[in-house]
Amino acid sequence: MTGNPTYGKDDKKVIKVHKKAYQEARDMAGRNGVVQNLILLDLLAFYKRTNHPCANAVKGDVGIVKELKEWTSNNWRKTATAKDSNDMKVNISVIVECMFQDRVDETLCDLVGVEELGQDPQREFQLRNRAIKMVRKSLSPEEMVSVNANKAQVAAAGNPAEKQHTYIHLLSTIHGGY
């Protein structure tokens with residue numbers, strides 16, 4: 001058993017018994033435990049019963065374990081999508097920039113030392129995050145409450161399919177444009 005793992009119909013029946021446990025494992029260590037402690041043992045027992053050429057494989061055989069991990073990883077992906085997940089990470093800087101664009105632009109002009117943005121794009125790009133941070137630190141407690149509420153709303157809604165990785169679109173639909 002080397003190279004790309006392929007399993008026959010009978011092999012897959014033995015392996016498939018543990019699909020739910022594999023998919024419900026919370027992390028890589030849990031999935032590896034299912035592969036090594038459940039699937040591998042059942043598969044080796046099946047091979048011994050059927051006199052399969054791999055019947056004499058040792059439990060810790062790295063090649064077989066690696067192939068099983070590869071096969072399960074490729075065939076048993078979690079069904080939950082990013083939109084189903086409620087733990088979307090929202091960068092608060094993006095929210096601050098969207099809500100307080102004018103203040104960010106003014107601060108950026110001051111940092112770059114220009115009257116109007118667009119004169120030194122490279123420097124503006126380098127200093128944009130600093131300007132956002134400065135605006136964020138200058139916000140009143142009431143404004144921060146509003147920022148945090150928007151952040152929670154964006155995180156709860158998730159990314160729209162047509163605008164993956166863009167919070168600006170979602171903010172504009174929630175608040176009528178920023």
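The values are calculated or read from the model by the stated rules, or taken from the named source; none is laboratory data. Nothing here was measured: the structure is a model prediction, and the numbers come from that model. With ideal geometry, Cβ positions are generated from the backbone for all residues, glycine too; neighbour counts draw on all protein chains shown. Just so you know, the surface numbers come from the protein's heavy atoms only, side chains and all, with ligands and any DNA or RNA stripped out. Shrake-Rupley method; radii C 1.70, N 1.55, O 1.52, S 1.80 Å.
A few points about this structure:
- Out of V145, V135, V90, sole residue that is hydrophobic (A, V, I, L, M, F, W, C) and at pLDDT below 90: V90
- Of the set (1) at pLDDT below 90; (2) under 20 Å from M134 (Cα atoms); (3) part of a helix (DSSP H, G or I), all apply to S73 but (2).
- Positions within the range 91-122 being open to solvent by 80 Å² or more (accessible area, probe 1.4 Å), part of a loop (DSSP other than H, G, I, E, B) and not polar (S, T, N, Q), in sequence order: E115, E116
- The residue pairs whose first member lies in the range 134-151 and is free of Cβ contacts under 8 Å to residues at least 40 places away in the same chain and among the hydroxyl-bearing types (S, T, Y), whose second member is part of a helix (DSSP H, G or I) and open to solvent by 50 Å² or more (accessible area, probe 1.4 Å), and whose beta carbons are closer than 8 Å, counting only pairs six or more residues apart or on different chains, are S138/R103.
- With respect to being more than 30 Å from V17 (Cβ to Cβ), open to solvent by 50 Å² or more (accessible area, probe 1.4 Å), of a type in the set (F, W, Y) and at pLDDT 80 or above, F125 fits the description.
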